[in-house]
Amino acid sequence: MFGGGGMNPRKMKQMMKQMGIDVTELDAEEVVIKTADEELVFSDAQVTRMDAQGQETYQIVGEPETRELGAGDDDAESDEADGAIPESDIEIVAQRAGVSKDDARKALEAEDGDLAAAIARLE
């Protein structure tokens, strides 16, 4: 940051404090950076937050794993992206309307996934 080369880390910290720069180590489990084409996933990364005059800057040190965009999403999000009705929505409609899951799924499909409309249709 300051080109400290062989500078004593304690002295560097003292200088940064004098300049109003606060440095905090974060206990991050995973850092994900999404770009238009891919995701960069840092597992066990060292993350440092620097606060200098109200401006926060984050520094990530580690080796990223590259994966296709959306590869880390869970099944519910993938189902929604595919146009499928999420299982949680089916359960809500079935419980509220007092019908089977198959009937709830059919009502949700008929109402394009609108929970309130599907419940009204079944009541």
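Read-outs throughout are calculated quantities, based only on the coordinates presented, and are distinct from any laboratory measurement. None of the values given here were measured: they were computed from a predicted structure. Glycine also receives a Cβ, built like all others from the backbone with ideal geometry; neighbour counts cover every protein chain displayed.
Quick check for me: using +1 on Lys/Arg Cβ and -1 on Asp/Glu Cβ, what's the dipole size of segment 7-53 about its Cα centre, in debye to the nearest 20? Spell out each step's value before the answer.
On the way: 6 positive and 10 negative charges, 132 e Å.
Its charge dipole is roughly 640 debye.
At what distance in nm do the modelled label points of residue 22 and residue 35 sit from each other, each positioned 7 Å from its Cα along Cα→Cβ?
3.3
Starting with the highest mean, order 85-93, 50-58 by the number of other Cβ atoms within 10 Å, averaged over the residues of each peptide. Mind showing how you got there, number by number?
On the way: 85-93: 17.3, 50-58: 10.7.
Listed from highest to lowest mean packing, they are 85-93, 50-58.
Quick one: which residues, 5 or more positions from residue 85 or on another chain, have an amide H under 5 Å from its amide H? H modelled 1.01 Å from N in the peptide plane, none for Pro or chain starts.
none
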